[in-house]
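Structure record follows, encoded as structure tokens.
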Amino acid sequence: MSLSARVRRRISVLASIAFASAVAVPSGVSAQSLDAALAAAYINNPSLNSQRAGTRAVDENVSQALSGYRPNVSAGASVGSQYSRYSAAGQSSNGTLNPRQFNLTVTQTIFNGFLTANTTRQAESQVKGSRETLRNTEQTVLLNGVTAYMDVIQGIALLELQQQNLAALQQELRATRDRFNVGEVTRTDVAQAEARVASAQYQVAQAVANLSSYRAVYRQVIGLDPGKLTPPSPAVERRIPSTLDSVINAGLHQHPAVMASQYAVDASNFQVRMAESNLAPNLNVQGQLQQSYDQSGTIDSQAGASVMLNLTVPIYQGGAEYSAIRQAKEFLSQARIEVDVNRDQVRTQAVQYWGSLEAAKAQIEAAQSQVAANTLALEGVREEWRVGQRTTTDVLNAQTDLTNSKSALVVAQRDRVVAAYSLISIIGKLDAISLALKVPVYDPKVHYMQVRDSWVGVRTPDGK
């Protein structure tokens, strides 16, 4: 096999397993796929679990709003001691009473300007918005998981390349010193080789530091220490729409941040109606049972019952009610603007991620060609250096160029995967269901149905 054919074969293998060949862990450690890492993040990530708890808290808003349809029941009691003294026409009397009173009051609102209805609708909009916020958090966590996963793979690959570069430069230094000892090169050549070795040692140390940082971020996002990581399949790009316009259109209609802001508009609209209800009359019916003991010297006990229909018509409340309506309308305007803000952000990110993906693909092709050419060039320069047709600087430069092109290939492969998953998040499909992660899927509707119509109880559905 010719030298050129051998080099091309080696480059082909490098291009297909650039990441995997550099990832090395002790034997006995099972390989971890990207899907498995994302599944661990879905279960373990504290930010995601925190948002789930927040979503469950928002569910209670509906139960609280529905309480406006239900009666209010209260009981009261009073007990005391009363001393009295009476004197008239030369006669006097005194005595001590121990009055006691018990009552039970039931109040039912009949009409309150549709406050309860609008409060309930607002709470339901808040629940829907909270679910979209949870979905957005899930997408952010999973995208961070993808980034952390690929950063660790990239960090290991770059460290391996820098170690290989250091070993190659150390070999060049030894060869240069041997030739210097026999008078074939000058002290300058040796100094140049030593300088490159020192630089390579620093690059190795920097790669070690970067990898340590990547591992720490991986542990934070995934919840586990990275083991042996396997490169993800490029089939994920099939989930991406074929055109940029399709990505943008899907993002404008399906991205959870956009949908959450739309539900915020609904909630703000109901807030305006709630503020307006303060100008409406209030009608309620109130029933009361009362039992009194030892209220006077002649009556030992007394019982009573009453039913009252109460109507309250607000006329003027200092102007605060009008200010609340104006304020609610401004918040509604702000919420509508936020929808446009989120849409613009989604559109911008779609263009950026699409460009990053296309650039990464082009960079991979260019880097593969560069690696092939630089490999051939390095071997040729070394052969020419051995016969005195090339300088030591030429060999060192060729080695550096090869390392840089391999590093560029590793970085481009990492960028391609991250950009692909970023586009999937833009169209709102970066979630456990769409990715078919092997995890119990968290369904926020379960908790909502458990507490929506709950009349009593202080324990949460999970028993706390």
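The values are calculated or read from the model by the stated rules, or taken from the named source; none is laboratory data. The structure presented is a predicted model; accordingly, all values stated were derived computationally and were not measured. Cβ placement follows ideal geometry from the backbone for every residue including glycine, while neighbour counts extend to all protein chains displayed.
Test of understanding: among Gln192, Gln201, which residue is touching a residue at least 24 places away in the same chain (Cβ under 8 Å), in a helix (DSSP H, G or I) and closer than 26 Å to Ala148 by Cα?
Gln201
What pairs come up if the first residue lies in the range 353-364 and is in contact (Cβ under 8 Å) with a residue 24 or more places away in the chain, the second is crowded, with 16+ Cβ neighbours inside 10 Å and of a type in the set (Val, Ile, Thr), and their beta carbons are under 7 Å apart, counting only those six or more places apart or on different chains?
As it stands, the answer is Tyr353/Ile426; Trp354/Val247, since those pairs meet every condition given.
Could you pull out the residue among Lys438, Lys406 that is touching a helix residue (DSSP H, G or I) at 6+ places or on another chain (Cβ under 8 Å), of a type in the set (Lys, Arg), at negative phi and not in a helix (DSSP H, G or I)?
Lys438
Does Ala350 satisfy the condition of being crowded, with 21+ Cβ neighbours inside 10 Å, in contact with a Ser or Thr (Cβ under 7 Å, 6 or more places away or on another chain), small (Gly, Ala, Ser) and outside any loop (DSSP other than H, G, I, E, B)?
So Ala350 fails the test.
Output the number of the condition that Ala193 fails; it satisfies all remaining conditions of (1) modelled with pLDDT of 95 or more; (2) closer than 27 Å to Thr375 by Cα.
(1)
Test of understanding: among Gln413, Gln399, which residue is touching an Asp or Glu at 6+ places or on another chain (Cβ under 8 Å) and assigned to a helix (DSSP H, G or I)?
Gln399
Go through (1) part of a helix (DSSP H, G or I); (2) modelled with pLDDT under 95; (3) surrounded by 18 or more Cβ atoms within 10 Å (Cβ to Cβ) and name the single condition Gly113 misses.
(1)
Is the range 232-248 home to any residue that is within 27 Å of the chain's Cα centre (by Cα), in a helix (DSSP H, G or I) and among the small types (Gly, Ala, Ser)?
yes
Sort out which residues of the range 181-206 are surrounded by fewer than 18 Cβ atoms within 10 Å (Cβ to Cβ) and either in contact with a Cys (Cβ under 6 Å, 6 or more places away or on another chain) or not aliphatic (A, V, I, L, M) (or both), and write them in order of number.
Within the range 181-206, Asn181, Gly183, Glu184, Thr186, Arg187, Thr188, Glu194, Ser199, Gln201, Tyr202, Gln206 qualify.
If you scan the range 442-464, which residues turn out to be among the hydroxyl-bearing types (Ser, Thr, Tyr) and not in a helix (DSSP H, G or I)?
Once the filter is applied, which keeps residues that are among the hydroxyl-bearing types (Ser, Thr, Tyr) and not in a helix (DSSP H, G or I), the range 442-464 yields Tyr442, Ser454, Thr460.
Only one residue in Asp245, Asp300 is among the acidic types (Asp, Glu), under 30 Å from Tyr353 (Cα atoms) and either loosely packed, with under 15 Cβ neighbours inside 10 Å or in contact with a Pro (Cβ under 7 Å, 6 or more places away or on another chain) (or both), so which one is that?
Exactly one of Asp245, Asp300 is among the acidic types (Asp, Glu), under 30 Å from Tyr353 (Cα atoms) and either loosely packed, with under 15 Cβ neighbours inside 10 Å or in contact with a Pro (Cβ under 7 Å, 6 or more places away or on another chain) (or both), namely Asp245.
Output the qualifying pairs, or none if there are none: Cβ atoms under 8 angstrom, residues six or more apart or on different chains, first residue in the range 66-87 and charged (D, E, K, R), second residue assigned to a loop (DSSP other than H, G, I, E, B) and surrounded by fewer than 11 Cβ atoms within 10 Å (Cβ to Cβ).
Going by the 8 Å Cβ cut-off, the qualifying pairs are Arg70/Trp455.
Looking at the structure I just gave you, is Ala367 surrounded by 20 or more Cβ atoms within 10 Å (Cβ to Cβ), within 27 Å of His253 (Cα to Cα) and touching a residue at least 40 places away in the same chain (Cβ under 8 Å)?
Here the answer is no, as Ala367 does not meet what is asked.
Checking Gln317 against (1) in contact with a helix residue (DSSP H, G or I) (Cβ under 8 Å, 6 or more places away or on another chain); (2) farther than 30 Å from Thr105 by Cβ; (3) surrounded by fewer than 15 Cβ atoms within 10 Å (Cβ to Cβ), which single condition isn't satisfied?
If we test Gln317 against (1) in contact with a helix residue (DSSP H, G or I) (Cβ under 8 Å, 6 or more places away or on another chain); (2) farther than 30 Å from Thr105 by Cβ; (3) surrounded by fewer than 15 Cβ atoms within 10 Å (Cβ to Cβ), just (2) comes out false.
A quick yes/no check of all residues on (1) surrounded by 18 or more Cβ atoms within 10 Å (Cβ to Cβ); (2) closer than 30 Å to Ser78 by Cβ; (3) without any contact (Cβ under 8 Å) to a residue 24 or more places away in the chain; (4) out of contact with any strand residue (DSSP E or B) (no Cβ under 6 Å at 6 or more places or on another chain):
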residue	(1), (2), (3), (4)
Ala267	yes, no, no, yes
Asn278	no, no, no, yes
Asn282	no, yes, no, no
Asn310	no, yes, no, no
Glu330	no, no, yes, yes
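Does Gln288 satisfy the criteria of being within 30 Å of Asn98 (Cβ to Cβ) and either out of contact with any Pro (no Cβ under 8 Å at 6 or more places or on another chain) or free of Cβ contacts under 8 Å to residues at least 12 places away in the same chain (or both)?
yes
For Pro226, which of the numbered conditions (1) under 23 Å from the mean Cα position of the chain (by Cα); (2) outside any loop (DSSP other than H, G, I, E, B); (3) more than 15 Å from Gln139 (Cβ to Cβ) fails to hold?
Pro226 satisfies all of (1) under 23 Å from the mean Cα position of the chain (by Cα); (2) outside any loop (DSSP other than H, G, I, E, B); (3) more than 15 Å from Gln139 (Cβ to Cβ) except (2).
Write out, first by first residue and then by second, each pair whose Cβ atoms fall under 9 Å of each other, whose residues are 6+ apart or on separate chains, and whose first residue, in the range 431-460, is in contact (Cβ under 8 Å) with a residue 60 or more places away in the chain while the second is part of a loop (DSSP other than H, G, I, E, B) and polar (S, T, N, Q).
His447/Thr460; Val451/Thr460
Of the residues Gln64, Gln82, only one is touching a Leu at 6+ places or on another chain (Cβ under 6 Å) and not aromatic (Phe, Trp, Tyr); which?
Just one listed residue meets the conditions, Gln82.
Is it the case, given these coordinates, that Ser292 is of a type in the set (Gly, Ala, Ser) and under 20 Å from Thr105 (Cβ atoms)?
yes
Kindly evaluate Ala419 against the criterion of being of a type in the set (Gly, Ala, Ser) and over 22 Å from the mean Cα position of the chain (by Cα).
Taking the combined requirement at face value, the residue does not satisfy it.
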